[in-house]
Amino acid sequence: MEDSTDVDHALTDPVAFFEGPGDVVFDAKLSFEQKHKILQRWAFAAYCANISLIDPFRCEMSMRLDEIIDALIDLDDAETAMRSPDRMP
């Protein structure tokens, strides 16, 4: 991600910017909040695709729903670990 325009575009079409949800989690240029928003939007799009399997492109996205949810969980776990008072400096 280079600027806010790229982030805005990634929010509307994450597939155009990332090969997979894990790439969002490990993108060092994005904040936690940006990663979370992108993954949430991606998950929502995949969920919608599960409901309407008319468009073949949407079918491919729906198969990634589990992967997207796993990436959201990984991101949340990493953020929780970073904020943990038990974390060693």
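Computed from the coordinates by the stated procedures, all read-outs in this text should not be read as laboratory data. This one's a predicted model, so the numbers in the text were calculated from it and none came from an experiment. Note: ideal-geometry Cβ built from the backbone for every residue, glycine included; neighbour counts use all protein chains shown.
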Exposure proxy check on GLU33, GLU79: fewest-to-most Cβ neighbours within 10 Å is GLU33, GLU79
12 Å beta-carbon shell around PRO21, net charge (K/R +1, D/E -1)
-4
Starting from the Cα of ASP13, step 7 Å along the direction of its Cβ; do the same at GLN40; then give the gap between the two resulting points in nm.
2.3 nm
Sort LEU39, LEU65 by Cβ crowding within 10 Å, fewest neighbours at the top.
LEU65, LEU39
